[in-house]
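A short write-up of the structure that comes next.
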Amino acid sequence: MADVPRRTEFGISVGIGIPLRRGRLQRLWRRGNLVADHDLPPATAAARSPSSFSDQLKAGAMAATTIEVKEEVVVVYFSDGKILDSQRIEQVGGELQSAVPQAIHKKLLLNFRGVSFMSSAMISKLVTLSKSCKAAGVEMKFCEVSPNVMEVFKITKLNKVFDIKPAEDKAIASFGKKSWFG
């Protein structure tokens, strides 16, 4: 039922809930590799593997973060430029929480390169992550925070709570060094 197109005020809404305006956006949708199951013949749609975009979104198979280890530091990269959707925020929050036990050297770095916007719900996930890191004895830092996100951190005064560095290499080098107050 979810993959059946619905008529909306904008045109047609495909199974993943994205309303497509008639014309240009529909052509872009069909021209790309992303094809909704309702666009395929019934036999093809039934035999289709769960690797379709809508199935990946439903299953949460598309990772919201990428994790790498650099110089004993677990570095987390975000795959989305705007972290606004509630389901995606839940996924990001879960992936961030799973990164805490991976930090066996007690060093975690969140690289915000490419993230231009985030919702207040995502900020609460970051505060929760900070509490989890403190409970596990993991030192957490942020780097490459965009001006828009930094402004939100300043308004909420979280720039004083989080250790924010301008670049990834400087953030990695700063682990283990004492700050002014500690």
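The values are calculated or read from the model by the stated rules, or taken from the named source; none is laboratory data. Predicted model only: the values in this text are computed from it and were never measured. Cβ: placed from backbone, ideal geometry, glycine included. Neighbour counts: every protein chain shown.
Considered as a group, the residues in the range 136-153 that are surrounded by 13 or more Cβ atoms within 10 Å (Cβ to Cβ), of a type outside the set (V, I, T) and over 14 Å from F117 (Cα atoms) include one that is farthest from the chain's Cα centre (by Cα), and that residue is A136. For the range 70-80, taking the residues that are more than 8 Å from the chain's Cα centre (by Cα) and surrounded by fewer than 17 Cβ atoms within 10 Å (Cβ to Cβ), the one that is nearest to I104 (Cα to Cα) is identified as E72.
The set of residues from the range 128-159 being farther than 22 Å from V74 by Cα and not in a helix (DSSP H, G or I) comprises T156, K157.
Here E144 passes the criteria (1) on the phi > 0 side of the Ramachandran plot; (2) at pLDDT below 95 except the one numbered (2). Quick check, is E95 charged (D, E, K, R), free of Cβ contacts under 8 Å to residues at least 40 places away in the same chain and over 23 Å from S174 (Cβ atoms)? Yes.
Residues in the range 157-177 that are at positive phi and under 23 Å from the mean Cα position of the chain (by Cα): K157 only. Applying the criterion of being modelled with pLDDT under 95 and of a type in the set (S, T, Y) to the residues of the range 73-92, the residue that is farthest from K170 (Cα to Cα) is S86.
Taken over the range 170-182, the criterion of being more than 24 Å from K82 (Cα to Cα) and either part of a helix (DSSP H, G or I) or modelled with pLDDT of 95 or more (or both) is satisfied by K170, I172, A173, S174.
Can you tell me which of A103, A173, A121, A167 is within 22 Å of M62 (Cβ to Cβ) and surrounded by 12 or more Cβ atoms within 10 Å (Cβ to Cβ)?
A121
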